[in-house]
């Protein structure tokens, strides 16, 4: 492992209160943990490659595997009667799948909205479906990464939900 990776991991462990893990017993599972923490904190593939050296294909594999494990955790929680954990596990599953913070979950559930567009909407104060409904189509269209076609599509989606 490179020195800059070690320093980066140490800072990240402190940020997430994982410093008790220590790097003396570092292995690839800790590196994967760091990658996934960065992913659900909305780091881009480019930044992950630059900071940690993870390639897009490796990231995709990690995300898919972790999403599947979170699904298994969800099903196990149902089987053992821990329905209280289901909402939290479901939030984690969505964050893993889309690489987003919790605040974007209401937005990514709309067709045509992924992490980039959801963040773009959120930055201008549109944080959920209700706010999209209250925003004019022309104002939506002027938001970066949205455009006329998607604005119309979003408005139509919301109308169909309301029926």
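What the table shows:
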item	result
Answer label, with Rg/Rh (Cα atoms, Kirkwood Rh) calculated from the coordinates and candidates [x] 0.95; [y] 1.05; [z] 0.99	[y]
Rounded if a/c under 1.5, otherwise prolate or oblate - region 102-162, Cα gyration tensor axes	rounded
Fluctuation leader among 87, 106, 56 - the chain, Gaussian network, Cα springs under 10 angstrom	87
Helix-only CD estimate at 222 nm, as mean residue ellipticity for the chain, using -39500 (n - 2.57) per DSSP H run (n ≥ 4)	-20500 deg cm²/dmol
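Each reported figure results from applying straightforward, stated rules to the coordinates on display, with no laboratory input. Owing to the predicted nature of the structure, the values given are computational and were not obtained by experimental measurement.
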